[in-house]
Amino acid sequence: MKDAQPRTVRLRDYRVPDYLVDQTRLHFELQPRGTLVRSQLHIRRNPEAVAQENGGADIKLPPLELQGVELELLSLAIDGEPVASESFRTSVEGLSVDVERPEFVVEISNRINPEDNTSLEGLYLSNGMYCTQCEAEGFRKITFYPDRPDVMSRFTTTIVAPRDYPVLLSNGNEVERGETEDGRHFVTWEDPFAKPSYLFALVAGDLQHVEDAFITASGREIKLQIFTESKNIGKCEHAMRSLKKAMRWDEEVYGREYDLDIFMVVAVDHFNMGAMENKGLNIFNSACVLASPETATDAAFQRIESIVAHEYFHNWSGNRVTCRDWFQLSLKEGFTVFRDAEFSADMNSRAVKRIEDVSMLRTAQFAEDDGPMAHPVRPDSYMEISNFYTLTVYEKGAEVVRMIHTLLGEEAFRRGSDLYFERHDGQAVTCEDFVKAMEDANGVDLQQFRRWYSQAGTPVLEVTDAYDPGTGDYALTVRQSCPATPGQPEKAPFHIPLKMALLDPIGNDMPLDQAGHTELVLQVSEAEQTFRFKGLPEKPLPSLLRGFSAPVKLRYGYTPEQLLFLMRSESDAFNRWDAGQRLAFIALESLQQDYRAGREMQLSPELVSAYRAVLQNRELDPALVAEMLSLPSAQVLAEEAGEIDAQAIIAAREFAEVSLGQALHEELLATYRAFTREGPYRPEADDIAARRLKNTCLAFLAATGEATYLALAQSQFESAGNMTDSAAALAALVNRGSEAQMHGALDSFYKRWQEDTQVVELWFALQSNSARCGTLEHVRALMQHPAFELKNPNKVRAVIGGFANRNFTQFHKADGSGFEFLSDQVIALDRLNPQVSARLVTPLTRWKKYREAVGSQMHSALKSIMESGQLSADLYEVVSKSLA
Ligand code: TRP
Ligand code: ZN
């Protein structure tokens, strides 16, 4: 456990490292409770530090600082001589060693305990398999080291283990293997690329693997291997195909080739995040790599494709060019998320991918940007860096890169990325270096644009317009503002690319300039700005922020009639969808008002007819139709509300779903039938789209509660040949079926799949997410289920996270029982896994947005966490900032 009041680390205090490590030799002797680690570090005074600190002359050498947490130090030597006890100091953070020469070799041995490591950071055991997670600061839980990303070293790693751990893996190429005298075996790995310690990895276990090969553009053959426990060996094929697609795509789109001769992927069940890009040895959460048609949904197949690509892309955007310090995290994460989003868009439906990403941004990132943990894409300070692996750094960071792409255009962006990779290959750099490369390659000025990296909060764009029928002049006035966020009361205007078009009364895009362009990117850069268009024959309807060209909230006073028009005529698929969302939002707002006033609710007939038209449109991509039929999530409605009334939001959504199901049941059933396909499962875009639409229809039909439609769900449940159809039918029965149907389906599903970890996680999530069966009592019972494990983050996220984040009704119950439950779980988890506890607490941090009665209960739940005793640095940071 860390200090009660952790220190704040600030970007402005950054200093270059005093020493560099040219070579790192590691030697592991694996034992569950007492693994021995020996290291040999070839260290040299950093010339840059000499220049910076002492004006070029080293008068006295500073001590060597090595981070180390929860390590048992066994020996310490420099240049072969043991270091005398008065020449080094130890603390809870590591070692400080006096230095006599500017170049020397340090040898350290220490002991660690993987078996008791429940933090899943450093070296730990997962189902008997040894694995590591070093990003961001986990390497210091393995051995003493300058654990910072601007220290890059060449690593050689020897792993010694008993024979019942036949597979021993680390980064780079295998260079030696053999037996020890006592009957154990060893393997030595050498990574020719200098890397920071956070990219180190080690895996040891009784694993099987599948193997394939990839021929690079320059004709090199790369060996590809995916390792898992033997029971999952049949679930690797999709990840392998995704990997090969990603490798080809990065060559074609970015001109980036893989650099080692081997690329390995390992699946582990206990993992804090999705996956990790360790050099040549990516480690994945099983849920993000393993799939078979019988056991994985389409959503899982797509998630796997994008995460495999994400980690692979890091080999250039993250590993070859890495971060100078952790404030620059978005340098690799924002850019890599942008890259994987473009990859997924190219592999599947571009419009649908964009809609999914923007929904997520609006649902969760906007809320983060509006809450107590709001921070810029490049934060100025942190207590615990693990808390900054956020939607802001990842998703908003990707939006910032996307805006550069929009401002520069495809080709100029590629020139910028080429220059960036060429200029900084092998270096640890900053977000500033990225922007500078984009500028230098193209002779553009992104000075004001840089504010996207330093200012937090979601900007609001208010747009008004005026048309003069006499002259045909049309003026679009844009006002921008950005709410205050912690530590940033005032914001300067952002440079915002506003992609737009003007629609004529038939719905065609009007020519906007002499050249006949029908779409423009307006450069919004002032607090208020007017853009003028001349000689328009008719009053246009503006189509604004096409493709969601900037991460902002756009306000324009569209009438319901105009939104209906856009839903029919927009040529930009994203805006077409967004018009539907805006129309549904207006309808749901009015239902919430009815609910609060105790009036009978009445769904807008316009929304019903708009949905009917969408359902009957056979020209649209069925995946887009499914998206257009999906009502805004409860979280999006909450985010937009001045004051959140969870019960009103749920009542309104519920009423709308049931009403739409009743009013459109014939069209829904016809569509359901039209998109029910025979034939073997294929996780390809067209089939995924058909299933998506069919199952969206099923959910509306089941919402009516009518016996025929529940029977339809029941029969789909019984006959489904893939997990997508099976899980959708099960969800319909759980949410809408009778008690008997619900329990019958849940029981038979569990019996069939109890041996499959990923399916059991889905089974847990379906229950905890559901207002119907995911009551607090039921969630407590699930935690007693033999398949539940508090030490496994996937299980915690499925059961507790699902309840707190997605089960809006039950979690926000008026008696506050949901909040109290969550605070108890957070306290218990903090002792085991601080990264997980600090994330799990998120729903409580939004207490200020709720009605007084509810908000104060959330506030006291937070206070009870604070007063529960010694908190981890992770949890302390989130709770203290939320209470402030
Ligand atoms: N770099 C990883 C990614 O985005 C993130 C990651 C994986 C991570 N595991 C982690 C971050 C543990 C913090 C802690 O691809
Ligand atoms: Zn990443």
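The values are calculated or read from the model by the stated rules, or taken from the named source; none is laboratory data. Just so you know, these numbers come straight off a predicted model, no measurement behind them. In this analysis, Cβ positions are derived from the backbone assuming ideal geometry, glycine residues included, and neighbour counts consider all displayed protein chains.
Anything in region 158-183 that is buried (at least 16 other Cβ atoms within 10 Å of the Cβ) and either farther than 14 Å from Leu30 by Cβ or of a type outside the set (S, T, N, Q) (or both)? List them, or say none. Lay out the reasoning, then the answer.
Narrowing region 158-183 to residues buried (at least 16 other Cβ atoms within 10 Å of the Cβ): 158-161, 165, 167-172.
Those that are buried (at least 16 other Cβ atoms within 10 Å of the Cβ) and either farther than 14 Å from Leu30 by Cβ or of a type outside the set (S, T, N, Q) (or both): Ile159, Val160, Ala161, Tyr165, Val167, Leu168, Leu169, Asn171, Gly172.
Does Val400 qualify as being more than 16 Å from ligand 1 (Cβ to nearest atom), assigned to a helix (DSSP H, G or I) and among the aliphatic types (A, V, I, L, M)?
Numbers: more than 16 Å from ligand 1 (Cβ to nearest atom): yes; assigned to a helix (DSSP H, G or I): yes; among the aliphatic types (A, V, I, L, M): yes.
Yes, satisfied.
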Of Tyr558, Tyr595, the only residue that is assigned to a loop (DSSP other than H, G, I, E, B) and at pLDDT 95 or above is Tyr558
Across region 588-621, the tally of residues that are closer than 18 Å to Leu668 by Cβ, in contact with an Asp or Glu (Cβ under 8 Å, 6 or more places away or on another chain) and surrounded by 20 or more Cβ atoms within 10 Å (Cβ to Cβ) stands at 1
If we ask which residues in region 225-240 are in a helix (DSSP H, G or I) and farther than 20 Å from Thr336 by Cβ, their number turns out to be 9
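Within region 757-772, can you find the residues that are surrounded by fewer than 20 Cβ atoms within 10 Å (Cβ to Cβ) and either part of a helix (DSSP H, G or I) or touching an Asp or Glu at 6+ places or on another chain (Cβ under 9 Å) (or both)? Talk me through it step by step, then tell me what you get.
Initially, region 757-772 is screened for residues surrounded by fewer than 20 Cβ atoms within 10 Å (Cβ to Cβ), giving 771-772.
Correct list: Ala771 only.
Mind checking which helices (runs of 4 or more DSSP H) fall wholly inside region 645-727 and carry at least 2 residues that are more than 16 Å from Pro622 (Cβ to Cβ), free of Cβ contacts under 8 Å to residues at least 40 places away in the same chain and among the hydroxyl-bearing types (Ser, Thr, Tyr)?
Where helices (runs of 4 or more DSSP H) fall fully within region 645-727 and carry at least 2 residues being more than 16 Å from Pro622 (Cβ to Cβ), free of Cβ contacts under 8 Å to residues at least 40 places away in the same chain and among the hydroxyl-bearing types (Ser, Thr, Tyr), they are 707-719.
Tell me which residues, restricted to region 117-136, are within 16 Å of ligand 2 (Cβ to nearest atom) and not in a strand (DSSP E or B).
Our first condition is that a residue be within 16 Å of ligand 2 (Cβ to nearest atom); within region 117-136, this holds for 133-136.
Within region 117-136, Cys134, Glu135, Ala136 qualify.
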- Message: Among the residues in region 807-820, are any part of a helix (DSSP H, G or I) and of a type in the set (Lys, Arg)?
- Response: no
Per the filter on region 304-318, residues away from ligand 1 (no atom under 13 Å from the Cβ) and among the charged types (D, E, K, R) are Glu305
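Considering only region 328-349, state which residues are away from ligand 2 (no atom under 16 Å from the Cβ), touching a residue at least 60 places away in the same chain (Cβ under 8 Å) and either in contact with a Lys or Arg (Cβ under 7 Å, 6 or more places away or on another chain) or assigned to a helix (DSSP H, G or I) (or both). Can you show your working first?
We begin by selecting, within region 328-349, every residue away from ligand 2 (no atom under 16 Å from the Cβ); these are 345-349.
Filter once more, keeping what is touching a residue at least 60 places away in the same chain (Cβ under 8 Å): 346-349.
Across region 328-349, the qualifying residues are Asp346, Met347.
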Filtering region 299-327 for residues that are more than 10 Å from ligand 2 (Cβ to nearest atom), crowded, with 24+ Cβ neighbours inside 10 Å and among the charged types (D, E, K, R) leaves a count of 1
Of the residues in region 72-116, those that are surrounded by 17 or more Cβ atoms within 10 Å (Cβ to Cβ) and either at pLDDT below 95 or not in a strand (DSSP E or B) (or both) number 4
Taking region 803-825 and keeping only residues that are under 14 Å from Ile644 (Cα atoms) and surrounded by fewer than 22 Cβ atoms within 10 Å (Cβ to Cβ), one is left with Thr809, Lys813, Ala814
Result of the Cβ filter at 6 Å on region 265-292, keeping first residues that are within 13 Å of ligand 1 (Cβ to nearest atom) and partners that are among the hydroxyl-bearing types (Ser, Thr, Tyr), at least 6 apart or interchain, is Val268/Ser126; His270/Ser126
